[in-house]
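The values are calculated or read from the model by the stated rules, or taken from the named source; none is laboratory data. Bear in mind the structure is a predicted one, so any value in this text is a computation, not a measurement. Virtual Cβ from ideal backbone geometry, glycine too; neighbours counted across all protein chains shown. Areas reflect the complete protein model, heavy atoms only, side chains present, ligands, DNA and RNA absent. Shrake-Rupley method; radii C 1.70, N 1.55, O 1.52, S 1.80 Å.
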Amino acid sequence: MLLELSYPFGVDQPKWPTNPLTSFVLDASTKRGDINNCSTITHHMHNGTHVDAPLHFNPDGKSIDQIPIEDFMYRAPLCVKIPKEKGGRIHVEDLKPYEAQLKESDILLVYTGYADLRASRPSAFIDDFPCWGVDAAEYLRKGFPQLKAIAMDVLSVDSAVTGGAEGYPAHHAILDTGAEHPERTLLIFEDVNTKKLFEHGGQPKAIYAFPVRFTGLEAAPISMVAEF
């Protein structure tokens, strides 16, 4: 069985507060007498379910088209519930109970429960959602070399309220390279419907999360599917 974890893209989807809106333009329409239907979209790369490549915060990082395609396929997913309220942060102590499982995993998918607000209260969903503490981000990157990616049920690994003032530290901890960050970078999947995983048993056989390959860009929309 296949289960879709990415949300459909629409013009009214919840987004990071300062991102531009997605828009659709129907360039040709059979209803207007044209021979076919053809559309143009304007879409910010960080709206909706998407993946951040290292280039997002690392000027020397790989762009979305430079990442090996096998890095978007995961045969040992770990799905965990870490309940967090508004403004909460994931820290090392939240991950320690899963340490043995993390050593065998190639992607960590987290369900905080906050995404339950996405459809019912979108204004609350985008306001001060849970995010990652730097300690947890560094713990995953340094301690589990086989881990390739993390996925969250919220809009960003950094806070929408304090992220800018803090310099987006979780993104940097995960994506930066250089002498201070010799470990391989991770991919970041944001705005993922991880709740569905627990509605279908919790631990899938595999996760597929293939991006649209935009040349030279720092992120891309994805279609994420779990195989049970």
Problem - Along each principal axis, Cα extent of the stretch 43-91, largest first, Å - result: 35, 28, 23
Practice task
Quick one: check the C-alpha center-to-center distance for the stretch 168-183 versus the stretch 56-126, whole angstrom.
Solution key: 16
Fill in the blank from the handout: Candidates ASN19, ASN36, ASN47; GNM for the chain (alpha-carbon contacts under 10 Å) flags as most fluctuating ASN36
Exercise for the section: Would you work out the charge dipole size for the stretch 139-182 about its Cα centre, treating the Cβ of every Lys and Arg as +1 and the Cβ of every Asp and Glu as -1, and quote it to the nearest 20 debye? Expected result: 220
Exercise for the section: Give the residues of the stretch 146-177 whose amide nitrogen is closer than 15 Å to a point set 7 Å from the Cα of ASP116 in the direction of its Cβ. Expected result: 153-154
Completion exercise
Descending accessible area (1.4 Å probe), largest on the left, turns THR49, THR18 into THR18, THR49
Exercise for the section: For the chain, with a Gaussian network of springs between Cα atoms less than 10 Å apart, report the residue from SER156, SER123, SER63 with the top mean-square fluctuation. Expected result: SER123
Exercise for the section: With an 8 Å cut-off on Cα pairs and a minimum separation of 6 or more residues, tell me the relative contact order of the chain in percent. Expected result: 30
Problem - the chain, dipole about Cα centre (Lys/Arg Cβ +1, Asp/Glu Cβ -1), debye to the nearest 20 - result: 520
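Could you give me D for the chain, from Stokes-Einstein at 10 °C and 1.306 mPa s, where the hydrodynamic radius is the Kirkwood radius over C-alpha pairs? Units µm² s⁻¹, please. Provide the component values of the computation, followed by the final result.
On the way: Rh = 18.1 Å.
Once the numbers are plugged in, D ends up at 88 µm²/s.
Which GluC sites (Glu not before Pro) does the stretch 133-228 hold that lie in a coil by DSSP with at most 16 other beta carbons within 10 Å?
On the way: sites: GLU138, GLU166, GLU180, GLU183, GLU190, GLU199, GLU218, GLU227; in loops: GLU180, GLU183, GLU218.
Sparse-neighbourhood loop GluC sites (Glu not before Pro): GLU180, GLU183.
Select from the stretch 80-111 those GluC sites (Glu not before Pro) which occupy a DSSP coil region and have at most 16 other Cβ atoms within 10 Å, ordered by residue number. Provide the component values of the computation, followed by the final result.
Working: sites: GLU85, GLU93, GLU99, GLU104; in loops: GLU85, GLU104.
Passing both the DSSP loop test and the Cβ count: GLU85, GLU104.
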Fill in the blank from the handout: A chain fully extended from ARG75 to PHE198 at 0.36 nm per residue, minus the present Cα-Cα distance, gains in nm 42.5 nm
Exercise for the section: Please work out the FRET efficiency for the pair LYS86 and GLU227, using the Cβ-Cβ distance as r and a Förster radius of 35 Å; give the result to the nearest 0.05. Expected result: 0.60
Problem - Of all DSSP beta bridges in the chain, antiparallel share, percent nearest 5 - result: 65
